[in-house]
1. If I filter the stretch 25-43 down to residues being part of a helix (DSSP H, G or I) and without any contact (Cβ under 8 Å) to a residue 40 or more places away in the chain, which single residue comes out as most open to solvent (accessible area, probe 1.4 Å)?
2. So which residues in the stretch 322-354 are out of contact with any Asp or Glu (no Cβ under 6 Å at 6 or more places or on another chain), modelled with pLDDT of 95 or more and of a type in the set (S, T, Y), if there are any at all?
3. Does G468 count as at pLDDT below 95 and not in a helix (DSSP H, G or I)?
4. Among the residues of the stretch 290-304, count how many are under 16 Å from A429 (Cβ atoms) and modelled with pLDDT under 95.
5. So which residues in the stretch 8-24 are surrounded by fewer than 20 Cβ atoms within 10 Å (Cβ to Cβ) and either without any contact (Cβ under 8 Å) to a residue 12 or more places away in the chain or closer than 16 Å to P105 by Cα (or both), if there are any at all?
6. In the stretch 72-90, how many residues are open to solvent by less than 60 Å² (accessible area, probe 1.4 Å), farther than 23 Å from G468 by Cβ and assigned to a helix (DSSP H, G or I)?
7. Report whether or not Y386 is modelled with pLDDT of 95 or more, surrounded by 16 or more Cβ atoms within 10 Å (Cβ to Cβ) and either among the polar types (S, T, N, Q) or touching a strand residue (DSSP E or B) at 6+ places or on another chain (Cβ under 8 Å) (or both).
8. Can you give me the number of residues within the stretch 480-489 that are among the hydrophobic types (A, V, I, L, M, F, W, C) and either open to solvent by 10 Å² or more (accessible area, probe 1.4 Å) or touching a Gly at 6+ places or on another chain (Cβ under 9 Å) (or both)?
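The values are calculated or read from the model by the stated rules, or taken from the named source; none is laboratory data. As the structure is a prediction and not an experimental result, all values here were calculated from the model. A quick note on method: Cβ atoms are made from the backbone with ideal geometry, for glycine too, and the neighbour counts reach across all protein chains shown. Note: accessible area is taken over every heavy atom of the protein model, side chains too, but ligands, DNA and RNA are not part of it. Shrake-Rupley method; radii C 1.70, N 1.55, O 1.52, S 1.80 Å.
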Amino acid sequence: MPNRLAQETSPYLLQHKDNPVDWYPWGDEAFEKAKREDKPVFLSVGYSSCHWCHVMEHESFEDQAVAEILNRSFVSIKVDREERPDIDEAYMTAVQLSSGRGGWPMSVFLTPDRKPFFAGTYFPKEDREGYPGFQTILVQIAAAWATKKEDLKRAGDEFAHALEETLTKAAPAGQAKLEFELLNNVVRAFASDFDPENGGTIGAPKFPPHTGLDFLMRYALQSDVPDELRQAAVGMALLTLEKISLGGIHDHVGGGFHRYSTDEKWILPHFEKMLYDNALMLGNLAKGAMIASQLDERLYGLFYRGMSGIVHWVLKDMTSPEGLFCSALDADTEGVEGKYYVWTVQEVRDLLGERADAFIKAFNLLPEGNFEDEATHEKTGANVLYLTDSTGLEFMEDLAKLSAAREKRIGPALDDKAIVAWNGLMISALVESGIAIGQAEAAAEAILNVEKDHGELPHQIAKGKASGTAFLDDYAYFAHSLLALTALHEEIESGRIKLKGELPKDMRSAKAWRQEAERLIGQMIERFYDHEHGGFFYTATNHEVLFGRTKQAFDQPMPSPNAIAIRCLLEIGDQERAQQSLESFLGWMERAPTATEALHIGAMDLLAMRSEAAAVVQVPSSVKPPTTQEPSILQVPSSPTVQAPAAMELNVRLEPKELRAGVDRSAEGKIVIEVPEGFHINSSEPPARWLTPTRVDVQPVSAEVQYPPARNDRYEGRVEIPFKVRLPENEQGADFEIKVSYQACTESECLLPQEKRLNGVVFIA
C-alpha cells in the first residue's frame, strides 16, 4: 500500500511511495508526531537522479526489517533536495561539520525540535569492514534515545548553535579592492591547480568547472589585462572544453553532458544528466566556439557539435508539453548505473558492419570493455564512447544509427519537475548561443503565466502544479534570463539581427521583457536584500527559517546566486547596491578566488562600467562561423588540439555548364545538390541564427536565384536550385563563378559549413 509520499509531486519523493517505510514529507505533521510519541526523527535527503540514493533505497528502504525498525522507533521524513534546497543546505552543513565531507543521500537524525544530533551520508545496510551498517546504526540510536535521551538533546543543542554560527557568519574582512588585480589573481589561482594534460583541476573525480570557464573566457576578452594572463586564461579554458567535449562525460550518441567524471581524463562518467550542467555547458561552448572561430577551425567544429547536441537533447528529452525544461535524467536504468549509455564491441559491429572498425578505434572501444564498476573496479565488458584525436564529425551517420538503436532500450527515468532557477539558466544559454530562441521565449512565458496563477514566483512546477516560494536563485537566474531576452530583442528591433519572415504578432518587445525583469528584480531586492551590509539572503522574509538566513557567496555546480543577482543590479543601472554587495564579499573573493569566480565576473562588469576608457570585447549573442581574420588580442593556445574533421563530400554540380542566352540576353540553369540519406541541408532561411543557410551566389554577372520551398526548413535527397543569369550589354559571352554554401546535418548534429565553387559560361548562340 502506498505511503504518504504518493500525494507529492516531486519525482524523487514519488520514487519512495511504495517503500514499507512510513515516510512523511517535511512539515509540521511529522514533527508533531515525533513530539507526541517522543521519538527521534530520521531525515533522508536526496534527489531523483542520484545513483547512491537508489542504492540505499534498494538496500534499506525497500527492506522490511529495516522498515520495521524505522516505523517502530523513529518518525521518518523524506526530502527532495532540489525541492527544498534550504533544508538541504542547513543539514548538509551539519554533515560537513561532523565528518568533514558531504554527499547524497544525506542521512541525519534529529530531535523532535529539528536539531541534528547525528549526521552522515550513504550507509550500507549491513556492517562493513569494521564500520556499522544502517541497520546497526538504527538499533544503536534507538537504544541511546531510550537511555541517554538528554545527552542526545544536548548534542542537538550544540549542533544547532554551531549551525547558526556557521550559516549566518559574515564574510571575513580582507585587504582586496575592486580593481583588475583582483581578477588577475583568479587566473593565477586557477592555473595553480590546473591539469595541463586533461584540463580542469588536477586529480579525480572531475567536475566541469562551469563558472571558472565562464570567467576565464570573459577575462580573455578584456582589453586591460596582462597579455601573459590572457593567453593562460584562453589556453586553460579551451583545453578544458576540448577534453570535456572529447571525453565520455559527453554523450556522443544522444547529445548533452553527464554530471561528472570519476577519473581524471573525463572518460568514465557518473551518468546522471542535469539541466543546469547542460545549460552552463551550452553557454561556455558558445563562448568557446566564438573564440575558436578566430583561432582553430578544428576546435570550432568540436564545440559546435557539443552545442547542437545539447539543444537536440533538451528539445527532444527535456521539454515538457507546457514548454518548460525538466530537471534531470536518472543515472540508473533497470537498477544498473549507465546501462542505457554503454556499448559492447559486438553491438557496435552488428549495427555498423564494415564501418565498425574505424568507429571502434576512434571511440576507444575494447573487447573487455573500458567501463569499470565504480564499487568493484572490475571491467564489465561495456564501453563508454570517447574520442582522443577526432571531433567525431566524420562519424555522425554512425552515431545516428547507434542513437536509433539506443531508443529501443529502456530509458532512464525523467525528473519532470521544472525548477524556475534552472529554467532561467537554460533560457539564458539558448539566447547566448542563438539556438532555439522560440523555445527559450516559450519557457519564459510559461513561467510568467504560472507566476500569475500562483500569485507569486514559485520555486518549481511539477505535474502542472506550482509549489513553493521562489528562492534567491529562482529570482536571480530567471530575471537574468529575461534581461538576456531584452538584449536580444533590442538587437532585433534595431535591425542588427534579422529574423526569418515577419515577427510573430504576440512576440514581446524589448521594453516588455525589461519591464518583467525589473519587476522581478524589485521583488528580489524587497524580499532578499540585506540593506545594512549588502548582499542577498538565500531565503526570503516569508520562508521557513531553520538555523538562520544564509548568504551564498560560493559557486557550487551553479554560479553563486548572489553573483547573478549583482549582475542583474548592474544591468538595470543599480551600481550602488551592486558595489555594496561585492564589497561585502571581498574577504571571500580574496581568500577563495576559484570558489567565487561568478562574483569576480560581477566585479569585471562593474569595473568595465566604471572605466569610461575600458575597451571591452563583447561576446556576441550567437556563434559566428570561422573567419580567416587574425584576432588582435588572442593567439592560438599551446594546448593540444583535435585533428581536422573529415569533410563529407556532397555531390554539387551546375547543369548545364554552358548556358545559351535568348534574345532577352538571359539564360537559365540550376544547381543540383545530392544529399545522402539520413542527412539534410538547411533552407535558405533556417530558423536558428547559428545554422548556415543554403545559398547560391553568382559573380560577376547579374543573376536571380529561385530557392525551392523547404519542408521543415530543410532540403533532403536531390535538391535543385534554379537561377537565371543575364549577359552584360554589348557582350556576346561571359564567364561566371558560382559559390554554393551549405551545411549538412543529421537529426541531432550539424557538420561544419562548407562551400563549393563552380565555373560556368553564358553566351548568345
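1. Going through the qualifying residues, I end up with R36.
2. Those that are out of contact with any Asp or Glu (no Cβ under 6 Å at 6 or more places or on another chain), modelled with pLDDT of 95 or more and of a type in the set (S, T, Y): Y340, Y341, T344.
3. yes
4. The qualifying residues number 2.
5. L14
6. 1
7. Yes: the conditions hold for Y386.
8. Here the count works out to 4.
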